[in-house]
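See below for the structure under consideration.
Every number in this text was worked out from the coordinates using simple rules, so none of it is lab data. Bear in mind the structure is a predicted one, so any value in this text is a computation, not a measurement. Counting neighbours? That spans all protein chains shown, and the Cβs are built from the backbone with ideal geometry, glycine included.
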Amino acid sequence: MELHYISIRYEGDFDALVKRLHVNGDCEDEFRDVYEDCLKIACPKGVFTECAASQEGSFSFIGGKRFESRVLLRNFEGLSRVFPYVISCGRELYDFARATEDPLYRFWIDGISEAALRAVGLRLRQAVQETYGAGHLNSVNPGSLRDFPLSCQRPLFDLLGEGPDKIGLELTPTFLMLPYKSGSGIYFEAEARYENCMLCPRANCPGRRMPYSEDMMAAYGLEPPKDFEPEACRNAARA
Ligand code: SF4
């Protein structure tokens, strides 16, 4: 298994962050100080690889790991390779947030960390395409859908070997990631656009990318959940 690492210099976008984090005019100078401190240390990172994919019955096999998921079965149908990955805002911003006592400053640092995560997510997607000559990529993410639960983080991390550890990314016993501003998933090639949101009925979600589709649920052979709350949707982190 060949691992590919990326780390980027996060350039930031002050005006966009002021807007996104609802920083009011009175606080803008204070926010700028925190923002500049973040930019000095920010080093978001990611790691990805290519794995062989195959299917047998209701199981998908990725790099020798077995996954039972209708979403994977349908999305990976006919594919011989997929691309597991993880991304993180980086330990630098995470440690800075943890060392900051002021709750407003922490909120700002978290918001900046999330933007840094999005930036590295975008770059990683390009890197997968460049490295493997891949076409249009969609992503499936453990924890976003009941059919592909958060517990699938374990085999996904295993597929990336020492990669997550090398970029300072830790998987907790409950399968959450530290730093919190991190993302994980499997990129797969497909001409048509796929978003987890199409199979997720959560109402009023600010991260929604596509409308929920009952037709799509039927096509994937999924029952509409009555009480579904995604365990750890990280859609915001993806490109
Ligand atoms: S972004 Fe929202 S709607 Fe989309 S999969 Fe995640 S929780 Fe569901």
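Kindly rank 135-141, 173-179 from highest to lowest mean number of other beta carbons found within 10 Å of each residue.
In descending order of packing, they fall as 135-141, 173-179.
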Here the residues of the stretch 163-202 lying in the modelled label zone of residue 154, meaning backbone nitrogen under 11 Å from a point 7 Å along Cα-to-Cβ, are 173-175
Give the angle, between 0 and 90 degrees and rounded to the nearest 10, that separates the Cα long axis of helix 103-132 from the longest principal axis of the Cα atoms of the chain. 40
Taking 22 Å as R0, compute the FRET efficiency from the Cβ-Cβ separation of residue 22 and residue 205 and round it to 0.05. 0.70
Within the chain, which is the longest segment that contains none of the trypsin sites (Lys or Arg not before Pro) sitting in a DSSP loop with at most 12 other Cβ atoms within 10 Å? 10-192
Nearest 10, in degrees from 0 to 90: the angle of helix 28-41 to the longest Cα principal axis of the chain is 60
Estimated dipole of the chain in Debye, rounded to 20 [Cβ of Lys and Arg +1, of Asp and Glu -1, Cα centre]: 540
Suppose we flag GluC sites (Glu not before Pro) only when DSSP calls them loop and at most 16 other Cβ atoms lie within 10 Å. Which is the longest uninterrupted stretch of the chain? 12-76
